[in-house]
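Nothing in this text is a laboratory measurement; each read-out follows from the coordinates by a stated rule. The shown structure was predicted, so the numbers you read here are calculated from the model rather than taken from an experiment. Note that each Cβ is placed from the backbone with ideal geometry, even for glycine, and that neighbours are counted across all protein chains shown.
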Amino acid sequence: MPTTLTQRKKTIADVTDWQDKRVFVRVDFNVPLDDHQAITDDTRIQAALPTLKFLIDKGAKLILASHLGRPKTGFDPKLSLKPVYERLQKLLPNTQITLAKEVYSADVEAAAKALKPGQILMLENTRFEAGEETNDPTLAKNFASLADIFVNDAFGAAHRAHASTEGIAHHVKIKVAGLLLDREITALSNVTQNPTKPFTAIIGGSKISSKIPVLETLIDKVDYLIIGGGMIFTFLKAQGFKVGSSLVEDQYMEIAKGLTLAAQKKNVNIILARDVVVTQSFAADAAFKLVNAEQIPDGWMGLDIGPLTVGDIEGVLRNSKTVLWNGPLGVFEFANFAKGTKRVAEYLGQLTQSGQVQSVLGGGDTVAAIEQFGIPVSQFTHVSTGGGASLEFIEGKILPGIACLDNA
Ligand code: ADP
Ligand code: MG
């Protein structure tokens, strides 16, 4: 396990003098927009408010930076931060906020210098600059020149070494974590490094290929490993069962076998589906039926776990003290195949609320599923705001946006 992960990082609470300081705050305002550039979910903006309010109250001058979507280089009105700026102004009605026309320019520099305590200058979408994603040192230095202190609160972008998430840290004296980033580090470290046992991981999603590192890391730590989603079928086929036309990655069958063997050696219980909901076509309204997971008929594909499997999973969760969940257990986007994921989510929420388990959820689609079901994230101990970042953290990777910060 890399030591940097256990290394605690300084946070904004460790810095005492903010008055009149210019602070470059990297946030994750990468919110979903509809076709008319209206924000459909402002969770990420809300999540940054505690850090922003903290700094405003202390008399700091804020330079805010975020990316939005995947623009090509140069200004793109469809991916301007304007709607984000307007929403933030509504959420902070007493704060003077200006949106810069560029990411970095002489005008931006002048506007940053003119800031008064408690005011915010928001830069345009950092990815309008080619140097953002290449972590160009010149752009990083330019960002650093705007401020005295770097605060990273963008957990969702912490797995990327970009100019505004990592490069800038090399050119400022003080670089610390914001409150959101700190909460993510604490929650994910607790569950991966110090879980109260029995410790159960639920790993689902579509492809085993994207979850191999996380499976390999967790097999050394968990007592129970619940496999869900599309990757079930690579495991089943590797054991010699017929999986019909279910999603299978043949080239990963050996890895699935290896993981099963490793689990046996380490006394880890792997829970695979006993029954699955199958259909003949991948569609929301396709007819479906329930079959034994070991006898999927030709031409049928498994898109959800069945009630017997849900029962097995509930039994394991009831006996667990810590649960880590990444990856939906079925194709939750279609109501007919969302039931397994929904039942397990509701049950885990109940167990958490009754104080029986600590639950940590991560993964873009996992969180989207919870939100689609209308289950409040407050039902769980921690729901990560980072999709790819949370997965990489759980894998034990060092996230550059965290590693670059001052050690506590
Ligand atoms: P996360 O973003 O939470 O890490 P993934 O991206 O790994 O999750 O996987 C999410 C996707 O997996 C969803 O789009 C879901 O439809 C798909 N999926 C789940 N179960 C199956 C299945 N049985 N067959 C095909 N796709 C599946
Ligand atoms: Mg995903």
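For the reader, a short list of remarks on this structure follows.
- Order of THR126, THR217, THR341, THR16 under a 10 Å beta carbon neighbour criterion, fewest first: THR16, THR217, THR126, THR341
- Qualifying aspartates and glutamates (Cα of each under 16 Å from Cα of LYS339; at least 8 residues distant if same chain): ASP275, ASP285, ASP304, ASP312, GLU314, ASP365, GLU371
- Largest GNM mean-square fluctuation among ARG127, ARG343, ARG22, using the chain with Cα springs under 10 Å: ARG343.
- Averaging 1/r over every pair of different alpha carbons in the range 192-282 and inverting the result gives a Kirkwood radius of 13.6 Å.
- Cα-based radius of gyration of the range 5-89 once divided by 2.2 N^0.38 Å, which approximates compact folds: 1.27
- Average Cα contact separation per residue, the range 114-235, under 8 Å, 6 or more apart, as relative contact order %: 19 percent
- Over the chain: helical MRE at 222 nm, DSSP H runs n ≥ 4 each giving -39500 (n - 2.57), nearest 500: -10000 deg cm²/dmol
- Three principal axis extents of the range 1-147 based on alpha-carbon atoms, in descending order, are 43, 43, 33 Å.
- Prolate/oblate/rounded label for the range 319-370 (Cα gyration tensor, a/c 1.5): prolate
- Counting every C-alpha pair in the range 265-325, the share spaced more than 13 angstrom apart comes to 66%.
- Net charge over other residues, Cβ less than 9 angstrom from the Cβ of ALA147 (K, R count +1; D, E count -1): +2
- Debye intensity ratio in log₁₀ form over the Cα atoms of the range 177-228, taken at each q of 0.18, 0.25, 0.29, 0.32 Å⁻¹: -0.68, -0.97, -1.07, -1.16
- Peptides 374-381, 180-187 ordered by average Cβ neighbours within 10 Å, highest first: 180-187, 374-381
- Using C-alpha pairs under 8 Å with a sequence gap of at least 6, the mean separation divided by the residue count of the range 357-408 gives a relative contact order of 37 percent.
- Rounded, prolate or oblate (a/c below 1.5 giving rounded, otherwise prolate when a/b exceeds b/c) for the range 162-317 by Cα gyration tensor: prolate
- The Kirkwood radius of the chain, taken over pairs of alpha-carbon atoms, gives through the Stokes-Einstein law at 37 °C and 0.692 mPa s a diffusion coefficient of 146 µm² s⁻¹.
- Residues in the range 328-342 carry Karplus couplings, in order, of x, 8, x, 7, 5, 5, 9, 3, 5, 10, 9, 4, x, 4, 5 Hz; the curve used is 6.51 cos²θ - 1.76 cosθ + 1.60 with θ = phi - 60°, and Gly or Pro positions show x.
- Summing charges over all other residues whose Cβ lies under 12 Å from the Cβ of ALA130, with Lys and Arg as +1 and Asp and Glu as -1, gives -2.
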